[in-house]
Amino acid sequence: MEEFVDNVQKGSKEENILVELILKSGLDLNVPIEEKDFNGNKYYSLDGGKLIIYLGKQITKELAQEIQKTKPEKFVCLDGCFQNNDQLKTNISLQMEQEKIDFKVI
């Protein structure tokens, strides 16, 4: 069961994961990508800020609030960034829903 805790294959490159998520989101690979930083946490803003993708190891409520301020249409992050903190995941999900931001955890 421990093998299925992290859904990212070991050795996967962040660029490969980003490309996969871009394609799964229905965007073209030529979509403009802007790398952003908030307190040392890197995230990607795509298509003029319509889609935000966070591939970091740990998300904070401050980072989620910063992303929420940009008013993306969709925010995607990896389940592992919550580090088994279901309360944080639920809170971020509810905050995004309140702002009408489509929030996906993969």
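Every read-out reported here was derived from the displayed coordinates using simple, explicitly stated rules and does not represent laboratory data. What you see is a predicted model, and the numbers here were worked out from it, not measured in a lab. Cβ atoms come from the backbone with ideal geometry, glycine included; neighbour counts cover every protein chain shown.
A compact table of results
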| item | result |
| --- | --- |
| Within region 25-47, tally of residues that are exposed (fewer than 10 other Cβ atoms within 10 Å of the Cβ) and part of a strand (DSSP E or B) | 2 |
| Members of region 48-58 that are closer than 22 Å to GLN83 by Cα and either exposed (fewer than 15 other Cβ atoms within 10 Å of the Cβ) or small (Gly, Ala, Ser) (or both) | GLY56, LYS57, GLN58 |
| Residues of region 71-98 classified as touching a residue at least 12 places away in the same chain (Cβ under 8 Å), more than 15 Å from TYR44 (Cα to Cα) and exposed (fewer than 14 other Cβ atoms within 10 Å of the Cβ), total | 2 |
| Evaluation of GLU97 against (1) touching a Ser or Thr at 6+ places or on another chain (Cβ under 9 Å); (2) part of a helix (DSSP H, G or I); (3) not hydrophobic (A, V, I, L, M, F, W, C) (one fails), failing number | (1) |
| Hits in region 18-64 - residues which are touching a residue at least 40 places away in the same chain (Cβ under 8 Å) and of a type in the set (A, V, I, L, M) | LEU21, LEU55 |
| Residues of region 53-94 satisfying the condition of being small (Gly, Ala, Ser), in a helix (DSSP H, G or I) and closer than 22 Å to GLU35 by Cβ | ALA64, GLY80 |
